[in-house]
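> Mind having a look at this structure? Questions to follow.
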Amino acid sequence: MRPASLYCAIFVWNAITGGRFIAAYFYNVYNLSNSEIGTIIAFQFFISSLVSGWGGHVADSMERQHPLKGRIITLAVGLTLGTSTFLIENMSFTAKLPSLSFIVYDSTKESGAGDHDGKEQYETASLFLFLWHLFWRNMYAVSNALVAPVLDGLTLAHLKREATMNGTSYQIEENKYGRERLHGAIWWGIGNAGIGYCIDRLGFDVLCSLSVVSTFTCYITIAL
């Protein structure tokens, strides 16, 4: 398993399940307001940064119990949990949840005469729907804590083993870390372009199918 290949697969997975299209997904499919979307995503990043250390600790503990397999197991569990939470969060019925909606005024949208101070009036999604996405985005953030730090740990451990086998300095091999990660950054951009094309062609619901495909791609990459 080359870390570069794993970075490529996981960065694409992350672009699908937690990337830049999530905000547009919430806005267009679930009718969440800008402030609701901002709150959900802010909490997601806050929780992710809060528990990332815990994710690394879990992976290290697993590695001590299962040498050469512990981090891989943790990574596979994190990917499975992340995809599961994404699919549960975006099951088709959630867009039709019972309405506890309320009226707001959006000053960023133009409207005709007679509206509230020239601002367009529209109905937001239900409060329950907002709390639903807030909860599952936070669960996704927790699962992601078992992916991102573990991926970096796997890479450094791989480079250390390479240095041992080649009889070279670990510092020399460690300098390759950025090169390995660069592959992920490149595929993050390629993945986003492909995701955008799929959304334009098939709609936002295609993200659910892509999340499953990308997860199995990650599994295959781990197994190689």
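The values are calculated or read from the model by the stated rules, or taken from the named source; none is laboratory data. No experiment lies behind these values; they were computed from the predicted model shown. All Cβ positions, even for glycine, are placed from backbone atoms using ideal geometry, and neighbour counts span all protein chains on display. When the accessible area is computed, the model is the full protein with side chains, heavy atoms only, and any ligands, DNA or RNA have been set aside. Shrake-Rupley method; radii C 1.70, N 1.55, O 1.52, S 1.80 Å.
> Using a 1.4 Å probe and counting only protein heavy atoms, arrange Asp205, Asp200, Asp60, Asp152 so the residue with the most accessible area comes first.
Asp200, Asp205, Asp60, Asp152
> Same structure, new question: Report the accessible area of Met139, computed with a 1.4 Å probe over the heavy atoms of all protein chains in place, in Å² rounded to the nearest 10.
My reading of the accessible area for Met139 is about 70 Å².
> Ok, one more. Heavy atoms only, 1.4 Å probe, whole protein assembly: order Thr164, Thr83 by accessible area, highest first.
If we order Thr164, Thr83 from most to least accessible, we get Thr164, Thr83.
> For a quick check of your reading of the filter: which trypsin sites (Lys or Arg not before Pro) in the range 1-83 sit in a DSSP loop and have no more than 16 other Cβ atoms within 10 Å?
For trypsin sites (Lys or Arg not before Pro) across the range 1-83 that sit outside H, G, I, E and B with at most 16 neighbouring Cβ atoms in 10 Å, the list reads Arg20, Lys69.
> So for Leu151, Leu131, what's the accessible-area order with a 1.4 Å probe, most first?
Leu131, Leu151
> Still on this structure, please answer the following. Tell me, what is the 1.4 Å probe accessible area of Glu63, in Å² to the nearest 10?
Glu63 exposes around 40 Å² with every protein chain in place.
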